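Have a look at the structure below before the remarks.
The values are calculated or read from the model by the stated rules, or taken from the named source; none is laboratory data. All of these numbers come straight from a predicted model, not from anything done at the bench. No Cβ is skipped: glycine too gets one built from the backbone with ideal geometry, and neighbour counts run over all protein chains shown. With ligands, DNA and RNA removed, areas are computed over all heavy atoms of the protein, side chains included. Shrake-Rupley method; radii C 1.70, N 1.55, O 1.52, S 1.80 Å.
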Amino acid sequence: MRTKQSFLSVTIMLFILFLGCKKAESKVELLDTAVKKFNVIAFYNGTWDAAHINFVKEANEWFPKIAEENGFTYTSTNDWSKLNETFLSNYQVVLFLDDSPPKDRQAAFQAYMDKGGAWMGFHVCAFNTDPSKWDWYYNKFLGVGSFKNNTWFPTTAVLKCEDQKHPSTLRLPETFTSSVSEWYSWNKDLRQNPDIKILCAVHESSFPLGTDPKQSWYSGYYPIVWTNKNYKMLYANFGHNAMDYKANIGKSSTFGSEIQNKFIIDGLLWLGRGKIVN
């Protein structure tokens, strides 16, 4: 009897050990996936508007630190000729810091995105006054149409997170204060585009938004962060620092909001490791 009990006990213990090993194995697999390294390439011009140039400079100082802390690499270049299939095959995420590609690089970027590439763009990379010059990018990919107007001077804004379940917004509260920026509006209502998912928009408590009465927003709906559900992409309206233009000195930092930074970091981790979210 004791022999049978001992055998049964040993069998149960071995089974428990087996389950423990399988769980440990699963955890290792999850860990390996979670820490999978990826490469980010940022394109910029850094030649137009001191506020945008100042943003590019601090971005190229901030992102390498964040990359080291979060398991990815960060490279930046102002050589847009590198926006080609061969070069991009080495990178899982593309950033546009302050501009969009020249005409001869547009097809290469569209092909990269159509084949499953990932992208994050800031502020002026969506600016345009004639979307017909690149219909796919401005009308379909971003959905903005053309630039309508902007606030002035640059200020913070209270933003409402409209989707706290997206991988890029999981750590965002319902409302939060952004970093300082100039804010753009567009001639197309993104809410009417079924391909666009707005993640954050200006909260009504921000109004009036701007300090110049002639260039302030007093009411209305203004999306700030969104994604196109057909792509791995994120657009963020911020990326214009307050400036002392005469002294050419930045007076604010786009990375001055810790909460907003969580979106940037989590957004990059999703773009580098995740899948399209419909």
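Quick one: Ala201 ticks every box in (1) in a strand (DSSP E or B); (2) more than 22 Å from Glu174 (Cα to Cα); (3) not acidic (Asp, Glu) except a single one, so which number is it?
Result: Ala201 passes all but (2).
Quickly run through the stretch 152-189 and pick out the residues that are without any contact (Cβ under 8 Å) to a residue 40 or more places away in the chain, open to solvent by 40 Å² or more (accessible area, probe 1.4 Å) and of a type outside the set (S, T, N, Q).
The answer is Glu162, Lys165, Glu174, Asp189.
Output the number of residues of the stretch 35-90 satisfying the condition of being of a type in the set (A, V, I, L, M), under 19 Å from Phe122 (Cα atoms) and open to solvent by 30 Å² or more (accessible area, probe 1.4 Å).
So the answer is 1.
When both residues are 6+ apart or on different chains and their Cβ atoms are under 7 Å apart, which pairs have a first residue that lies in the stretch 44-63 and is acidic (Asp, Glu), and a second that is modelled with pLDDT of 95 or more and open to solvent by less than 50 Å² (accessible area, probe 1.4 Å)?
Once the first residue is acidic (Asp, Glu) and sits in the stretch 44-63, its partners that are modelled with pLDDT of 95 or more and open to solvent by less than 50 Å² (accessible area, probe 1.4 Å) give Glu58/Ser253; Glu58/Thr254; Glu58/Phe255.
When Val35 is evaluated against the numbered criteria (1) more than 17 Å from the chain's Cα centre (by Cα); (2) aliphatic (A, V, I, L, M); (3) at pLDDT 95 or above; (4) within 25 Å of Ile265 (Cα to Cα), which criterion, by number, is the only one it fails?
Only one criterion is unmet by Val35, namely (3).
Please go through the stretch 129-148 and give me each residue that is exposed (fewer than 14 other Cβ atoms within 10 Å of the Cβ) and not acidic (Asp, Glu), ordered by number.
Listed by number, the residues that qualify are Thr129, Ser132, Lys133, Lys148.
Does Phe263 fit the bill of being under 16 Å from the mean Cα position of the chain (by Cα), open to solvent by less than 20 Å² (accessible area, probe 1.4 Å) and either of a type in the set (Lys, Arg) or under 15 Å from Lys57 (Cβ atoms) (or both)?
Against the criterion (under 16 Å from the mean Cα position of the chain (by Cα), open to solvent by less than 20 Å² (accessible area, probe 1.4 Å) and either of a type in the set (Lys, Arg) or under 15 Å from Lys57 (Cβ atoms) (or both)), Phe263 does not qualify.
Within the stretch 89-100, how many residues turn out to be farther than 22 Å from Asp266 by Cα and more than 18 Å from the chain's Cα centre (by Cα)?
Count: 1.
Which ones in the stretch 208-246 are part of a strand (DSSP E or B) and acidic (Asp, Glu)?
Answer for the stretch 208-246, where residues must be part of a strand (DSSP E or B) and acidic (Asp, Glu): just Asp244.
Which of the residues that make up the stretch 54-82 are under 19 Å from the mean Cα position of the chain (by Cα), under 13 Å from Asp99 (Cβ atoms) and not small (Gly, Ala, Ser)?
Passing the criteria: Phe55, Val56, Thr77.
Being buried (at least 20 other Cβ atoms within 10 Å of the Cβ) and small (Gly, Ala, Ser) narrows it down to one residue among Gly250, Gly274, Gly239; which is it?
Going through Gly250, Gly274, Gly239 in turn, the sole match is Gly239.
How many residues are part of a strand (DSSP E or B) and within 17 Å of Asn128 (Cβ to Cβ) when one looks only at the stretch 87-108?
1
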